[in-house]
Amino acid sequence: MAKMDPTWAISEIDAFLRTTDQVAYDNRPGSGVVIFGTHMRGSTTEAAQMAHVVEQILDRALPGWVRDRPKKDEKYTWLRDQASRAKAALLRQSELAEKLGDNAPDMDAANLHPWAWENGKSYWNTGHYSQAVMQAAIRINAETQSKLGRMDLSETALFNEAFSLEPPKPGTPRLRLSVDDGGKTFQNQHRGARALADGLYTAIRNPGMHVPEQRDGGEEQLALEQLAAFSLLARWVDQAEVRTL
């Protein structure tokens, strides 16, 4: 998935801000009618269409922005504030990364493997980070079951069978990341894949289903690291070839 174009995003935000700007009524002399107050510069239809695009931009530029959204925002006052914040973030993202941190490369959740992101992105964008990770675990398990035709197994047991070093058996296909040439590389790859899956489903997926989501300020970073690990497993499963007897 390509990264968002900041120039385009800023242009869309500017257009939305212009359209939803509140301007005074034009009381021209001689009309006989005087109207006080303000009105939105553009039409409500234009504003609604632009708001839809801006909301998608905010999902990328300000994750979690929607959590405090008011039930009513008839003049787009709150959304305009969020759009202005997103514009500032986009305009100064390079400067902020340089001045506030070590300018290390960023990890964009939207660039993770689709199995690790698509099902959980709505949870992520509303600040439910642990739930987003659980959705990744569920999706990757389901995709692996489908690829192998093994609906009788799930999670740790499924991946242990999938990446087993044993040759395939009737009804027990394997996933292969490389050709078995009898060397250590083949063995290490598949032992490592099994170990990664075991760790993810034992230490993250299973506890995550029973432990309440924490709100200590560090949950977003932790969840991002967990999603990245699930994304790696997803890529291995996706690129692996199925071997049957």
>> Would you confirm, using the coordinates I've provided, whether Ser122 is out of contact with any Gly (no Cβ under 9 Å at 6 or more places or on another chain), more than 21 Å from Ala195 (Cβ to Cβ) and among the small types (Gly, Ala, Ser)?
In response: yes
> Just to be sure, is Leu158 more than 22 Å from Glu225 (Cβ to Cβ) and surrounded by 16 or more Cβ atoms within 10 Å (Cβ to Cβ)?
Replying inline: yes
>> Could you go through segment 225-239 and let me know if any residue there is in a helix (DSSP H, G or I), over 19 Å from His113 (Cα atoms), at pLDDT 95 or above and of a type in the set (A, V, I, L, M).
In response: no
> Which numbered condition trips up Pro63, out of (1) in a helix (DSSP H, G or I); (2) surrounded by 13 or more Cβ atoms within 10 Å (Cβ to Cβ); (3) in contact (Cβ under 8 Å) with a residue 12 or more places away in the chain; (4) not assigned by TED's automatic domain parsing to the domain that holds Leu232?
Replying inline: (1)
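The values are calculated or read from the model by the stated rules, or taken from the named source; none is laboratory data. Note that this is a predicted model, so its numbers are computed, not measured. Backbone-built Cβ (ideal geometry, glycine too); neighbour counts: all protein chains shown.
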